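First up is the structure itself, then whatever we jot down about it.
The values are calculated or read from the model by the stated rules, or taken from the named source; none is laboratory data. Remember, predicted model here, so these are calculated numbers, not experimental data. Note: ideal-geometry Cβ built from the backbone for every residue, glycine included; neighbour counts use all protein chains shown. SASA here: full protein model, heavy atoms, side chains in, ligands and nucleic acids out. Shrake-Rupley method; radii C 1.70, N 1.55, O 1.52, S 1.80 Å.
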Amino acid sequence: MIEKNRDFPREITVLRTILRRFSLNPQMHAELESKLSRKLAGYKGEKELDYHISQIDHARFHIFHDLRIPHNNTHFQIDSLLISDTFMLVIDSKNYAGTLDFYPEFNYLLQTWNGIEKVYPDPILQTRTQAAQLKSFLIKHHFTPPPIEFIVSISNSQAIIRNPGNSHEVRMRVCKTPAVAYKIQSFNDKYQNEVLSIKEIRKMTKLLLKSHEPYIPDIPSMHLPMNQVHKGVQCPECGEIGMKRIYGNWVCKKCGHLSKEAHIAALRDFFIIYGPAITSRQFSEFLNIFSIHQSKRLLSALELDSTGSTKGRIYTPGKNFQLWE
Ligand SMILES: [Zn+2]
């Protein structure tokens, strides 16, 4: 059964917000654009992995998509984790294109794509490390971990996997995403002894779900030009920033689109850029609303959490406001 679905990556939402709201120098703009497209390609590969995992016999496995667990002053991240009563399996998804030469004996991967060679850390070693961190995390929480296996799933259908050293490790641990179900089956055949009770799996599931902390990029450490933020309500139709509130509607001066709710997306942008707290004055300023009373009306209609007196009231997203996609 699926214990945890994959959430839409918050990092992608943050990058999109920055690219929409900031005037960036061309170099920074290009860097963030390329980071965004890498993250989108990675997410696409992970969704494909989810699809192929969904093809296996679910009754046998407890499945977790995307876990990020704090451990020993850092975090370890697992793209997909499967737990059965006989073993655990950590799966890492990579979306590298081109020809991929694995050199596990030297701990690197050589990618050749469009005539350009690039070296990456060995994904087998990375995934082995995730499995070791998971084991250590479980021991710390008084579990006796079952055997923990790991594989690397290459999602790019055009990628060519090569194993120049004819390494057993590469043959065993690396596959194209559509072959993941067969890999799972082979581990399933290998491990026959029941080592985890239903009760232990339930306790483990609870611990993993409780410990998960989604990654959110830290805006202050990104050195963004904080005085170069485009303020205003963005048109959901054409993307123009600067809609005007006229008789209960947001009106786009460029395309004429009307919206009742375009301020919600603007508030979300504010929370992502400045952090999850806003006053009605900040709301007025960010959305270019001239009447403070109108700001207060719009804010209170959103049923945010709030603290403080009427004048200095601070609003935070709370459970009624969907900050993330
Ligand atoms: Zn428009």
Number of the condition not met by Met222 [criteria: (1) surrounded by fewer than 18 Cβ atoms within 10 Å (Cβ to Cβ); (2) within 16 Å of the ligand (Cβ to nearest atom); (3) not charged (D, E, K, R)]:
(2)
Residue pairs qualifying under the 9 Å Cβ cut-off, at least six apart or on distinct chains, with the first in the range 85-103 being of a type in the set (Gly, Ala, Ser) and the second being surrounded by 21 or more Cβ atoms within 10 Å (Cβ to Cβ) and part of a strand (DSSP E or B), are Ser93/Asp79; Ser93/Ser80; Ser93/Val152; Ser93/Ser153; Ser93/Ile154
Can you give me the number of residues within the range 265-278 that are touching a residue at least 24 places away in the same chain (Cβ under 8 Å), of a type outside the set (A, V, I, L, M) and buried (at least 18 other Cβ atoms within 10 Å of the Cβ)?
3
Looking for whichever is of a type in the set (Val, Ile, Thr) and without any contact (Cβ under 8 Å) to a residue 40 or more places away in the chain here; the options are Ile219, Ile201, Ile246. Which one fits?
Ile246
Restricting to the range 229-248, give me the number of residues that are open to solvent by less than 80 Å² (accessible area, probe 1.4 Å), away from the ligand (no atom under 16 Å from the Cβ) and either modelled with pLDDT under 95 or touching a His at 6+ places or on another chain (Cβ under 8 Å) (or both).
1
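For the range 254-264, which residues satisfy the criterion of being within 8 Å of the ligand (Cβ to nearest atom) and touching a residue at least 12 places away in the same chain (Cβ under 8 Å)? So that I can check it myself, show each step before the final result.
Taking the range 254-264 and keeping what is within 8 Å of the ligand (Cβ to nearest atom), we get 254-257.
Listed by number, the residues that qualify are Lys254, Cys255, His257.
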What number goes with the only condition from (1) assigned to a loop (DSSP other than H, G, I, E, B); (2) β-branched (Val, Ile, Thr); (3) buried (at least 19 other Cβ atoms within 10 Å of the Cβ) that Thr144 does not pass?
(3)
Tell me which of these Gln55 doesn't satisfy, since it passes every other one: (1) at pLDDT 95 or above; (2) open to solvent by 50 Å² or more (accessible area, probe 1.4 Å).
(1)
Filter the range 72-85 for residues that are open to solvent by 10 Å² or more (accessible area, probe 1.4 Å) and either at pLDDT 95 or above or assigned to a strand (DSSP E or B) (or both) and give the result.
Thr74, His75, Gln77, Asp79, Asp85
